[in-house]
1. Run the quick spin-label model on residue 125 and residue 305: label points 7 Å from Cα toward the beta carbon, then report their separation in nm to one decimal.
2. Please give the FRET efficiency for residue 224 paired with residue 455, using the beta carbon to beta carbon distance and R0 = 51 Å, rounded to the nearest 0.05.
3. Hey, for a label at residue 517 modelled as a point 7 Å past Cα toward Cβ, could you say which residues of the stretch 450-487 have their backbone N under 16 Å away?
4. May I ask you to give the solvent-accessible area per residue for the chain, in square angstrom, as obtained with a 1.4 angstrom probe?
5. How high is the FRET efficiency between residue 638 and residue 325 when r is their beta carbon distance and R₀ equals 60 Å, given to the nearest 0.05?
6. So how do 179, 428 rank on accessible area, 1.4 Å probe, biggest first, that is with the largest at the start?
7. What number in nm² do you get for the stretch 87-164 if you take the convex hull of its Cα atoms and divide its surface by four?
8. Please list 555, 404, 103 from largest to smallest accessible area, probe radius 1.4 Å, with all protein chains kept in place.
Amino acid sequence: MPSRQDRPAPPTREPAPDDATLDAPPADGEHVAGGGDVASGAHPLTNGDLARIFHEIGDILEVKGELVFKTVAYHRAADAIARAPFDVAEAYGAGDRRPIPGVGQAIADKIAELATTGRMALHERLRAEIPASLVDLLRIPGVGPRTVRLVWEGLGIESLDDLRRAAEAGHLRGLKGISAGTEQRILDGIVQLESRPQRLLLDRAQALSDDLVTQLAGVEGVRRIVQAGSLRRRRETIGDLDLLVETDAPEAVIERFTRLGVVDQVIGAGKAKASVRLLRGPQVDLMVMPPGEAGTYLVHFTGSADHNVALRGIARDRGWSLSEKGFLRLDGDGQPATGGEAELRTFPDEAAAYGFLDLAFIEPELREHRGEIEAARDGRLPSLVTRADLRGDLHTHSDWSDGVHSIEVMAETGRRLGYAYQVLTDHSQSLAIAHGLEPARVELQRSIIAALNARFAAEEAAGTIPDGAHPGGFRLLHGCELEVRADGRLDYADDLLARFDLVVASVHVARRQTRAELTRRTLNAIRSPHVDVIAHPAGRMIQSRDDLDLDWDAVFEAAAATGTALEINGSPHRLDLAAERARRAVGGGCLLSIDSDAHRTSELEYVRWGVDQARRAWVEPRNVLNARGRDELLAWVAAKPARVRG
Ligand code: DGT
Ligand code: CA
Ligand code: CA
Ligand code: ZN
């Protein structure tokens, strides 16, 4: 458990109502689980305190093997309480049961119980039953609640370290149902868990950061908040969050920031910056900037570190020292000039700061020291693709295969996003796990799509299209996500494939084949006259599944030669092609597509993460197949057989 020394100590006459109670074992009789007389005391529960209690309940229920939806409900409620814009215990204690989004009736009752009596029967009962720290053991791959309870009851194990020591000493295998093999698997699982990089996926980092911005935006004196660091550069994973706040009231901002309900621990707080760790979340660094001087602050705290080093070099060559505060004039010895020569140049925005070095403004996504500074100097920066450039989505699913929503609901959602087209690409027949479609189902699906499109056309003719829809009309196109089978054959016959509007092909099975075999399969798809896009070409899952071992040069060459697009899959778990590889693909003459791979309506928004990675890959709209209009797209598909014949 993280330490929580930032919280003020409770008044000594109070029976420890603060969160120290949550850590201390209820051993010596002085500590009452769940807190003592809290509500009437001088130190009421903060939103963070409440959140910790509900998270702990969720944890213990997990160890008990409760149904996921139940444990999730407690964790979700805890998050909602931590973020509530009012003091929850104070309100509920006074009988003001304001609704909190994500908190249902049952949990609201428990908040009221805690706020009015200072205790919660459920929490006390659970704490007496099982230590919450056991939940850490559930994170070990292959270890479930049953094993966790077994090692706790049998050997008193309460932590990962306890478990590792016991396993290394061979103590686990004495327990019922645990063999020497199981013991080794647990040790392997611990190694795997601890070698896993502790970085957040982009979508989660964005959500946490947005939430902080919302909570800080209303603070008096805040003029602007910028989400800097790797999040602003749109890296696929994020280490910590960096917030820049332009304000004339720095101390008030830092005070508010360090006291947010979502903050678990204050790592450090000064006049101009503070670092905290969020409750069950990452570290967040907040820096304040004086009004009107944001330019160099933004550059400095956006990074990357390598980009900054290069900028500082250029500045020094020109006689200036660059830091977040601005450009400081250097004297002949390379020291900051003093006296009448002393000079600090500041800039209100980044463009002006780059301009001071005779560089064009560099988009944050490019700031990785991969040629962007030279390009900015020489006027060769790309005009990066934006979300608004996308005319449609080439890879989406419905409940006909493994999606959640119906064809119609998916189509209506894409239509309201303003697209000219969306391609429905349910899985092909051999991917049974995803309910791939038999040819007869494909035929049926085609007729359903035709009926939908007839309705869209009629509404367009009648001028009754919904809000947000593209005035030039929307069509659902009929495609599939075609399996490339283990032997390299495609999963539908050519005559069926020829009838789709567009075909996306993927390798999902037999991922451990040799490079030669995997490359041959991928090239088979690329060289088909009917395959238009290779979906998630590397087949990776970020932080959990490695890339397929492919001969990428051969893949790029064949894709470029046949005009087969390579996808940047927008799922935040995939982001595949990755940015650097996508850049190489474009350099090799390949066309890309930027797709959501949505399995439910909300996931259609995943294209935003794909666009981010495309921008990191220096991609311009002309490199993107689905930045083309519908007629152009269909003409390009129609020409594939000719391109393959060469
Ligand atoms: P992350 O957090 O690992 O995903 O990556 P960044 O780029 O957000 O790195 P972070 O949070 O350490 O620093 C944010 C930015 O601040 C970084 O991109 C460059 C800048 N920066 C300023 N001073 C330093 C420094 O002393 N070290 C590093 N690494 N970066 C610094
Ligand atoms: Ca960071
Ligand atoms: Ca940082
Ligand atoms: Zn898919």
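The values are calculated or read from the model by the stated rules, or taken from the named source; none is laboratory data. Keep in mind that this is a model prediction, so the values were computed, not measured. Reconstructed Cβ throughout: ideal geometry from the backbone, glycine too, with neighbour counts over all protein chains shown. These accessible areas exclude ligands, DNA and RNA; they are computed on the full protein's heavy atoms, side chains included. Shrake-Rupley method; radii C 1.70, N 1.55, O 1.52, S 1.80 Å.
1. Spacing of the two 7 Å Cα→Cβ label points: 5.1 nm.
2. For residue 224 and residue 455, the calculated efficiency is 0.65.
3. 484-487
4. Accessible surface, normalised per residue, equals 43 Å².
5. After rounding, the FRET efficiency stands at 0.55.
6. Largest to smallest exposure gives the sequence 179, 428.
7. If you wrap the Cα atoms of the stretch 87-164 in a convex hull and average its projections, you get 6.9 nm².
8. Descending order: 404, 103, 555.
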